[in-house]
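Quick note: the coordinates plus some simple rules give every number you see, no bench work behind them. Just so you know, these numbers come straight off a predicted model, no measurement behind them. Note: ideal-geometry Cβ built from the backbone for every residue, glycine included; neighbour counts use all protein chains shown.
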Amino acid sequence: MNNIKVFVLLAGMVALFGVVGGMLGGQSGMILALLIAAVMSFVMYFNSGKMALKAYNARIVSQQDAPELYALVDELRTRAGLPMPALAVAPHEQPNAFATGRDPEHAVVCVTEGLMKLVDRDELAGVLAHELGHVKNHDMLLQTLSATMAGAITNLARFGMYSPSNRQNRSPLAPLAALLAPFAAMIIQFAISRSREFKADASGAEISGKPLALASALGKLQMAAQRVPMAVSPTMAPLAQVNPLSAFKGGIASLFSTHPPTEQRIAALQAIARGER
C-alpha cells in the first residue's frame, strides 16, 4: 500500500510542478517544470534520506562512535525483526529524533545530542522504538518524500515569481500559483503525517515493551521543544518525533505543523499500558 502511495505522491508532484510551471511561465514554464519534476522524482527516491540528514545537519556515527546507542538500537531492532539501521546524530540541543531512508534495508535512525542528554535509558528506548516503528511500517520514504516535495514546490513558486527572466511569459495567474503552491505542499504533508505518529507510537510501545516510558519521553520532548528552538526548515519538521518548531508561535512554522497533539499521543500510550488498546 505504501508503495502505491509513493507512486501517487511522485506522480502528483510531477503534475503539480507542471501546473504551477505553466501558471508561472506559460508553455515553456510547464515543460521546464515537468523536466525538473521528473529528475527530482528520480533523485529524491534514491537520495531523500541524505537530504533529510543534510537538512538536520546530522552525521552518520559508527558503533565505535556511540557504542551504547548502537547496542540499544541493535537490541530493539532484533525484537522488531528489522535489519540494523544506520545511526546518525544531529548537533541540536533540542531533544528529538527521526527515521529516514527508502526502505528498512536503507534506513537511518537519527537522534539529537539534546535527546541523549535529557532522557533515561528506558525513555530513550521508547523514542528509538517509535522510530523503528516508522521503519517497520514503511513510513520513512513516504514522509521524507513529502517533506522534500513540499520544499521543492514552495521553492518553484518562489523562483517563478521573482525570476527576472520569466516576466515576459508569466501568466496573469502567477500570483495565484505562488499562493497555492505552498498550501498544496502543506496538504501533502498534513494528509500523511498525523495518523502515522499514533501508529508509530503503538509500534514503539510494542517493540520496547514500555509504553509509559515512551509517554514520559514524549512529554519531556514536547516541553523542551517549546523552550529550545531548532534551526530546521519547516518543510522538514514533520519528520521529527515531536514538532521541532514548537518554540515558534504563528507564521509559517504553525502552517507546517503536522504533528498530532502530544497530549493525545500520551493518552493513547497510557491506554495501551492499561490494556485498553
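Between N137 and L35, the FRET efficiency from the beta-carbon distance, with R0 = 35 Å, is close to 0.55. Excluding same-chain neighbours fewer than eight residues apart, the aspartates and glutamates reachable from K199 by a Cα-Cα span under 16 Å are E131, D139, E263, E276. Subtracting the Cα-Cα distance of R79 and A271 from their residue separation scaled by 0.36 nm leaves 66.9 nm. With a Förster radius of 35 Å applied to the beta-carbon distance between Q63 and A11, the computed FRET efficiency rounds to 0.30. Taking packing as the residue-averaged number of other Cβ atoms within 10 angstrom, the listed peptides 56-66, 42-52 run from highest to lowest as 42-52, 56-66. Take the Cα of Y70, step 7 Å toward its Cβ, do the same at A231, and the gap between the two points is 3.0 nm.
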